[in-house]
Each structure stands twice: as structure tokens, then as C-alpha cells.
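A short worksheet on the structure shown next.
The values are calculated or read from the model by the stated rules, or taken from the named source; none is laboratory data. Given the structure is predicted, the values throughout are model-derived calculations rather than measurements. Virtual Cβ from ideal backbone geometry, glycine too; neighbours counted across all protein chains shown. Please note that ligands, DNA and RNA were not included when accessible areas were found on the heavy atoms of the full protein model with its side chains. Shrake-Rupley method; radii C 1.70, N 1.55, O 1.52, S 1.80 Å.
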Amino acid sequence: VQLQASGGGLVQAGGSLRLSCAASGRTFSSYGMGWFRQAPGKEREFVAGLGFSGGDTYYADSARGRFTISRDNAKNTVSLQMNSLKPEDTAVYYCAVRLYSGYYSSETSYDYWGQGTLVTVSS
């Protein structure tokens, strides 16, 4: 099972980026998905999540209203549309899959992780 995150880059404050996470080796359409991020010198934190097969979405306070998580089951991918980016959004962003029930914002609930993609927001 592999998760490949992409879409990171350098963007000015106020700009947008769309991150994608492609899964291979397993179909994840009915599992929970999540995006986390880790800024330099900080612990990894939850950003956004999708519930099992349904349409439930979850967001950290810092992401709500600016970020949108979505799933494309046909492509076995999950995306994170990030708008109105701020310098404090600068981090390595990771996608992850949750196979079993658990707290959606907890790292320990996730079973597979992508390698991360760097997002840098300049002021």
C-alpha cells in the first residue's frame, strides 16, 4: 500500500494550492482519509479529514472556511484545496488513511501515511 502526495510548492499569501494524494495497492473509497501537516520545529497536527465512505468532513479550526477536503473514488485519490493561504500554513503536508474507527484528528488512528509534500507560503 502506498500513498503519494503531490501539489505542494511556493505560493504567496492569499494564494491557493491543491494537494492530491494518490493511493495504490488498495481501494480506499470506504475508509477514512486525512491530511496532517508539520511545520518546522512543531509537532504534526490534524488539518482535515473524511469519514468512512460517507460525506462527513472534519476540519481543524485553522483550516475551516479556507480548506476543502474531497475524495475521488474513481481515481482512488483524496485532495485538499487550500485557499487564502497564510504564512503560518507553511508546513510539510501528509495524507493518511484510517482503516478502522477512531478519532479522526488523532495521528494514532491512521494506518498508512504518504511521504509528505512541502507547502511554503511567502508573506
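Observations
- The chain: antiparallel DSSP beta bridges as a percent of all, rounded to 5: 90 percent
- With protein chains left intact and a 1.4 Å probe, residues in the chain average 50 Å² of accessible area per residue.
- Top of 42, 86, 75 by mean-square fluctuation, Gaussian network on the chain, Cα under 10 Å: 42
- Near residue 122, once Lys and Arg are set to +1 and Asp and Glu to -1 for all other residues with Cβ below 14 Å from its Cβ, the sum equals -1.
- Kirkwood hydrodynamic radius over Cα pairs of segment 1-80, then Stokes diffusion coefficient at 25 °C and 0.890 mPa s, in µm²/s: 182 µm²/s
- Between 64, 18, 37, the residue with the greatest mean-square fluctuation in the GNM of the chain (Cα pairs under 10 Å linked by springs) is 64.
- Charges were assigned to the Cβ only: +1 to each Lys and Arg, -1 to each Asp and Glu. The resulting dipole of the chain about its Cα centre is roughly 220 debye.
- Estimated at 0.36 nm per residue, the fully extended path between residue 73 and residue 29 surpasses their Cα-Cα distance by 15.3 nm.
- Percent accessible area from carbon and sulfur atoms, segment 40-80, protein chains only, probe 1.4 Å: 44 percent
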